1. May I ask you to list the residues in the stretch 126-167 that are among the hydrophobic types (A, V, I, L, M, F, W, C), part of a helix (DSSP H, G or I) and surrounded by 14 or more Cβ atoms within 10 Å (Cβ to Cβ)?
2. Give the stretch 188-203 a look and list any residue that's surrounded by 16 or more Cβ atoms within 10 Å (Cβ to Cβ) and farther than 17 Å from PRO98 by Cα, or say none.
3. Can you name the residue in the stretch 23-36 that is modelled with pLDDT of 90 or more and farther than 22 Å from SER97 by Cβ and is also farthest from the chain's Cα centre (by Cα) among such residues?
4. From (1) within 18 Å of PRO106 (Cβ to Cβ); (2) within 23 Å of the chain's Cα centre (by Cα), pick out the condition that doesn't hold for LEU87.
5. If you go through the stretch 158-193, how many residues are more than 30 Å from ALA134 (Cβ to Cβ), free of Cβ contacts under 8 Å to residues at least 24 places away in the same chain and either of a type in the set (Asp, Glu) or touching a Lys or Arg at 6+ places or on another chain (Cβ under 6 Å) (or both)?
6. In the stretch 82-98, what residues are closer than 15 Å to SER192 by Cβ and small (Gly, Ala, Ser)?
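The values are calculated or read from the model by the stated rules, or taken from the named source; none is laboratory data. Keep in mind the model is a prediction, meaning the values are calculated, not measured. Every residue, glycine as well, gets a Cβ built from its backbone with ideal geometry; the counts of neighbours run over all protein chains shown.
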Amino acid sequence: MNLNENSTPLWSVPKPLRNDKSSLPPFPISCLPIVPKALAVGIAESTSTDVSMAATAILSAISHCFSGVYRMEGKPDHTEPIILYSLILAEPSERKSPVMKPVEEPFIKFADDYNNANREQIYLSQEKRNKLSAEIERMEKSENITAQEIAKKKAELDETSCNCFKRVCIDDVTPEALVGLLQDNKTMLMISSEAGVFKNFGGRYSNGIANVDLILKSGTERAIRKTAVMLRQFI
C-alpha cells in the first residue's frame, strides 16, 4: 500500500499465487472415506465434471450431520461448531445443478420420510397447543378467572411440545424466513447451485439494507466474512 499527496491509500494490484490453473494440485479424493469417495467419483463421471466439485459439496453436507451435536474446543473459553463452509466457483452451464442434486437428495428424502411417518403425531401436537392457546385467550377475557389459574394454564402450554414438519435442506431463503425455520428445526443445511441467498441477505428485499446478523451468528463468523468478500466480484 502507498499513499498519494492527499494521504489516500493506493492499493497495489494483487498478485496471483499461481499463474494458471494447470499448476493447481489435484483434489485429494483418496483421503475421503469409501462411501463419500464413491459418491463423488460417481457424480463426477455422470456429469463429466471435476471430482473436486462434488467432493467439496459432499464434505459440507456431511458436516451438517454434526451441527448441534458436537463443538470443537480450541481453548477452554472458546468453541466453534464443526461446520464446513464451502464455495464452488463455476461459469454458467458448467453443470452445478446436476452436481448438487444428488448431494441434497438424501437430506430431502430423510425429511420427507420423517414427515410421512409422523404426520398424525405432528398434527395432534399442534392441535393440542392451539386448543390450549384458545382456552387461555378465553380465560383472560373472563372476569371470573384468577391470575393464578391463567398462569397455571400458560405453564401447561409451555410444557406441551409442538412437533413441526421437519425441514433439513434449504436453497433460496430470506433472513426473516430462516429465523422461523431455525426455530422449528434447530439446524439447517443450506446448499445451492446459485448464490442468490447472498443477495437476499445483502438487501434484495429490504431496499438494499443488508441483514447478515443471523448468518454470522450461525457459525464461524470469520469463515463467512471471507466467503462474502470473495463473492463481491460475482454478485
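1. Hits for the stretch 126-167 are LEU132, ILE136, MET139, ILE150, LEU157.
2. The answer is MET188, LEU189, VAL197, PHE198, ASN200, PHE201, GLY202.
3. Per the stated criteria, the residue is SER30.
4. For LEU87, the failing item is (1).
5. So the count comes out to 0.
6. SER86, ALA90, SER97
Residue-by-condition table, conditions (1) buried (at least 17 other Cβ atoms within 10 Å of the Cβ); (2) touching a helix residue (DSSP H, G or I) at 6+ places or on another chain (Cβ under 6 Å):
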position	(1), (2)
PHE66	no, no
VAL69	no, no
GLU73	no, no
ASP77	no, no
ILE83	yes, yes
SER86	no, yes
ALA90	no, yes
